[in-house]
1. If I ask for residues that are at pLDDT 85 or above and closer than 14 Å to residue 178 by Cβ, which ones from the range 100-138 would you list?
2. Looking only at the range 18-39, count every residue that is open to solvent by less than 30 Å² (accessible area, probe 1.4 Å), in a loop (DSSP other than H, G, I, E, B) and farther than 19 Å from residue 111 by Cα and tell me the total.
Amino acid sequence: MADYYIDSVNGDDAAAGTSRSTAWRTFNNIPLTADTFVGGENVYLARGSHWIIDGSTNLPLWIVGGNSGSLTNHVRITPYGSGARPIIDGNDNPDIYLVYCENVAFWCEGIDIRNVTAAGVLAPGILFAATGANVGKEYSYVIRNNDIHDITGDAVKVGVNCTATTNGNRREIAWNNVYRSEERRVGKECLRL
């Protein structure tokens, strides 16, 4: 198991990425291969950081697991340090996922996720999916206390190829501020399960 630290201000993508002092600058070093993450690992995002995601030079935050995690053993995406929430910014790029979690129990809390313009597939800010041999399997997830705004698709989309029953898994989407800046609207209608 490993923990990863990412800091857009003081990080260095040539560093190890496994401590505050060796944090990466971007999400580009996070391994994108299948079966990478296991329950109990953490992705720590430095407070005061601001990543502008374009999908090519600056990749989104992708967490891919190998059918891993449990009710009490998630991959956690959470801030560290002091200051403003870390920001993952789509910069109005069309159809880009800012946080994507696949085949692993996960927990996402305390992040500012913003600015995705949907051109075709109505990309959400946060997407959870089960793929390949894991289609139909159940995973625990907690998505709470995030600011998710200015997303023209769904703010959070959970349940892509996942079963609808819980069977004791924790499935929580709560206390997120979901709005469009011009309206400052908080709404459950932006969530899709």
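The values are calculated or read from the model by the stated rules, or taken from the named source; none is laboratory data. Computed from a predicted structure; not experimentally measured. Here the Cβ positions follow ideal geometry from the backbone for every residue, glycine too, while neighbour counts run over all protein chains shown. When the accessible area is computed, the model is the full protein with side chains, heavy atoms only, and any ligands, DNA or RNA have been set aside. Shrake-Rupley method; radii C 1.70, N 1.55, O 1.52, S 1.80 Å.
1. The answer is 108, 111, 112, 113, 114, 115.
2. Kept after step one, since they are open to solvent by less than 30 Å² (accessible area, probe 1.4 Å), are these residues of the range 18-39: 23-24, 26-27, 30, 37, 39.
Of the ones still in play, those that are also in a loop (DSSP other than H, G, I, E, B) are 23, 26-27, 30, 39.
Right, trim to farther than 19 Å from residue 111 by Cα and you get 39.
Adding up the residues that qualify gives 1.
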